[in-house]
Amino acid sequence: MKQVNEIKSNNAEHYLNKLSKAIDSLNIDSINQAIDVIEKVWRSGKQIIAIGNGGSSVTALHMITDWNKSIFLSSKIPFRGRTLVDNVGLIMAYGNDISFEDIFIEQLKNILQSGDLVIAISGSGNSENVIRAVKYANNNGAVTLGLSGFDGGKLKEIAHHALWVNTNDMQLVEDIHSAFGHIVMQALCEK
């Protein structure tokens with residue numbers, strides 16, 4: 001039994017060491033810049049729209065849930081956050097009738113206004129539906145913030161602002177993207 005516990009312990013230690021290295025490699029200035037972008041859009045009364053696939057869609061939901069509730073309660077300033085991942089019927093309708101690659105861009109066509117912020121989350125930085133949405137947002141007066149990992153992919157290159165996690169491990173990328181959501185919430189709740 002001791003050998004099994006040692007293996008489990010080593011797995012945890014190995015993972016946490018990798019996570020620590022990924023955190024140490026972050027560009028703190030890009031995190032602070034992203035917070036500033038979110039704050040500026042929030043205080044201007046514009047929408048903050050988050051998108052992503054798979055685990056990144058859950059990160060988008062988590063961020064917007066935390067921000068809408070906690071930032072508003074602490075400041076009494078409305079936080080106009082929303083995601084494009086929580087209406088399954090709408091996603092499936094666009095996916096079926098148009099294409100899965102267009103599930104976000106088609107929703108943006110209906111709601112995006114100049115000055116809104118689109119937060120695009122993609123571990124690889126290459127999710128086609130995310131890339132199409134960011135291009136659309138860029139071309140229609142929105143501000144874009146891309147959260148990615150690995151080499152940053154296309155998202156790092158086309159988003160106006162980027163938060164890049166320099167690791168080739170999807171779970172570490174997702175951990176740090178999730179932590180970013182909590183960093184933003186605490187930073188804006190304290191202002």
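Figures for the structure shown
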read-out	value
Where a residue in region 179-191 is farther than 11 Å from ILE38 by Cα and its partner, wherever it lies, is modelled with pLDDT of 95 or more and small (Gly, Ala, Ser), with Cβ under 6 Å and at least six apart	CYS189/SER70; CYS189/SER74
Subset of region 69-113 [charged (D, E, K, R) and either over 20 Å from VAL143 (Cα atoms) or surrounded by fewer than 16 Cβ atoms within 10 Å (Cβ to Cβ) (or both)]	LYS69, LYS76, ASP86, ASP97, GLU101, LYS109
Hey, ASP36 without any contact (Cβ under 8 Å) to a residue 60 or more places away in the chain, within 18 Å of GLY115 (Cα to Cα), acidic (Asp, Glu) and surrounded by fewer than 16 Cβ atoms within 10 Å (Cβ to Cβ) or not	yes
LYS46 assigned to a helix (DSSP H, G or I) and either on the phi < 0 side of the Ramachandran plot or over 18 Å from the mean Cα position of the chain (by Cα) (or both)	no
Search result, residues across region 49-68 that are surrounded by fewer than 18 Cβ atoms within 10 Å (Cβ to Cβ) and assigned to a helix (DSSP H, G or I)	GLY55, VAL58, LEU61, HIS62, THR65, ASN68
Residues that are part of a helix (DSSP H, G or I), of a type outside the set (D, E, K, R) and buried (at least 16 other Cβ atoms within 10 Å of the Cβ), drawn from region 114-139	ASN129, VAL130, ILE131, ALA133, VAL134, TYR136, ALA137
Selected residue (only one of LEU172, LEU188 is of a type in the set (A, V, I, L, M), buried (at least 16 other Cβ atoms within 10 Å of the Cβ), more than 22 Å from THR65 (Cβ to Cβ) and at pLDDT 95 or above)	LEU172
Output for region 153-166, where each listed residue is in contact (Cβ under 8 Å) with a residue 12 or more places away in the chain and either surrounded by fewer than 21 Cβ atoms within 10 Å (Cβ to Cβ) or touching a Cys at 6+ places or on another chain (Cβ under 9 Å) (or both)	GLY153, LYS154, LYS156, ILE158, HIS160, HIS161, ASN166
Residue within region 112-125 that is at pLDDT 95 or above, over 30 Å from LEU19 (Cα atoms) and touching a Pro at 6+ places or on another chain (Cβ under 7 Å) present	no
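Let's see how each residue does on (1) among the polar types (S, T, N, Q); (2) more than 15 Å from LEU145 (Cβ to Cβ):
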site: ILE48; (1), (2): no, no
site: ILE51; (1), (2): no, no
site: GLY55; (1), (2): no, yes
site: THR65; (1), (2): yes, yes
site: SER70; (1), (2): yes, yes
site: VAL88; (1), (2): no, yes
site: GLN107; (1), (2): yes, yes
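The values are calculated or read from the model by the stated rules, or taken from the named source; none is laboratory data. Remember, it's a predicted structure, so these values are computed and weren't measured experimentally. We place every Cβ from the backbone using ideal geometry, glycine too, and count neighbours over all the protein chains shown.
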